[in-house]
Every structure is written in C-alpha cells, then in structure tokens.
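Shown next, in structure tokens, is the structure this report addresses.
The values are calculated or read from the model by the stated rules, or taken from the named source; none is laboratory data. Not measured: the values here are computed from a predicted model. So basically every Cβ, Gly included, is an ideal-geometry build from the backbone, and we count neighbours across all protein chains shown. When the accessible area is computed, the model is the full protein with side chains, heavy atoms only, and any ligands, DNA or RNA have been set aside. Shrake-Rupley method; radii C 1.70, N 1.55, O 1.52, S 1.80 Å.
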Amino acid sequence: MKTTLLSAFAILALAATPVSAHESLTIGPNDGRVFDLSSKTTPHLEVGQKDGKFVIHVLDKDDKPMPLGDRTLAITAGERSAPDKLKVEKSGETFTAPIPEGKKYPVVFQLREKEGAKPINAKMNYDASNCGECNRPEWLCSCGMEDTKKKK
C-alpha cells in the first residue's frame, strides 16, 4: 500500500511539473552560465565558451573574479555510457577545457578548493543547438525565462 501511494504521488508530482525547453539559469558578468556552489569560500562558478573551449571563472559573492590559487577543476562530459574526462588548463583567472564533439550530453564540474579537499559539484545538460529566439546555444539561453536574472 505504501509503495502504491508513493508511486501515485511521484506520478502526480511529475505531471504537475511545468515542462520548458529552457532551464532556469543565471547569466554572469562574463556572459556565461552561473552555478551557485555550496561553499562559503567559492560562491559561484561561471561557465562560458570561446573558440571551442569552456571558459570557467570562479566568482565571489559579488560576482567578481577570484584568483584560482590552489583550486583545481575536473570536468567530465559526454554520454553517460562513455564519459570523457576533459583536459583542464589554468590560465590567469580562468580554467579552460575543450568542448567535446556532440550536440547534447551531461557535463559535471568538480571544483576542489585545494588538493585533497572534497569536490564541490556543478552539473548541467550541454545542448549546442541554437535557441530560435536569441540564437544562443540552448545551454546558455536565458530568453523567455521570467525567473532568470542577468548579472551585469
């Protein structure tokens, strides 16, 4: 009985969830997608793209760039059955990594404050197809979202 009630509740909850082509997201000061992190020392990651690479900024609570310091970043992307670990490079105040081939796949960013620290994760569904309204890649599209903020 308990299982039946839980199943029924789950089905009703999914049916009541609004379906949207766009995910709710925030665009940051570098025109990238912002991820809020569960960290007091590193509040945000901003992920953008340039020249076929992900460009990742670490932002403070006021969305200002932070020095990378001892932080490290690991990125896993691609089909769940055969994900790729991307080669991440540090350059100034940014991390960069090549964007893998493919139109749609999950991406996991794992930031460590210092070597050996517990990773802080951010996840997204990468979708390279262009939005019909703003012509930006879907993973960076924020048009049509009432609850989306643009931080500038």
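Using a 1.4 angstrom probe with every protein chain in place, what is the largest-first accessible-area order of 72, 96? Don't skip to the end; give the middle numbers.
Values: 72 60, 96 25 Å².
So the residues, ranked largest to smallest area, are 72, 96.
Going down the table (40/64; 61/103; 64/103; 40/104; 50/118), which pairs top 26 Å between alpha carbons?
Over 26 Å Cα-Cα: 61/103; 64/103; 40/104; 50/118.
Need one number: convex hull volume per residue for segment 63-149, Cα atoms only, in Å³.
Working: hull volume 11.9 nm³, N = 87.
Hull volume over Cα atoms, normalised by residue count, gives 136 Å³.
Placing +1 at every Lys and Arg Cβ and -1 at every Asp and Glu Cβ, with all other atoms neutral, what dipole size does segment 46-106 have around its Cα centre, in debye to the nearest 20? Don't skip to the answer; put the middle values down first.
Values: 11 positive and 11 negative charges, 45 e Å.
The dipole magnitude comes to about 220 debye.
Separation between the residue 104 and residue 143 pseudo-spin-labels, each 7 Å from Cα along Cα→Cβ, expressed in nm?
For the pair residue 104/residue 143, the computed spacing is 2.0 nm.
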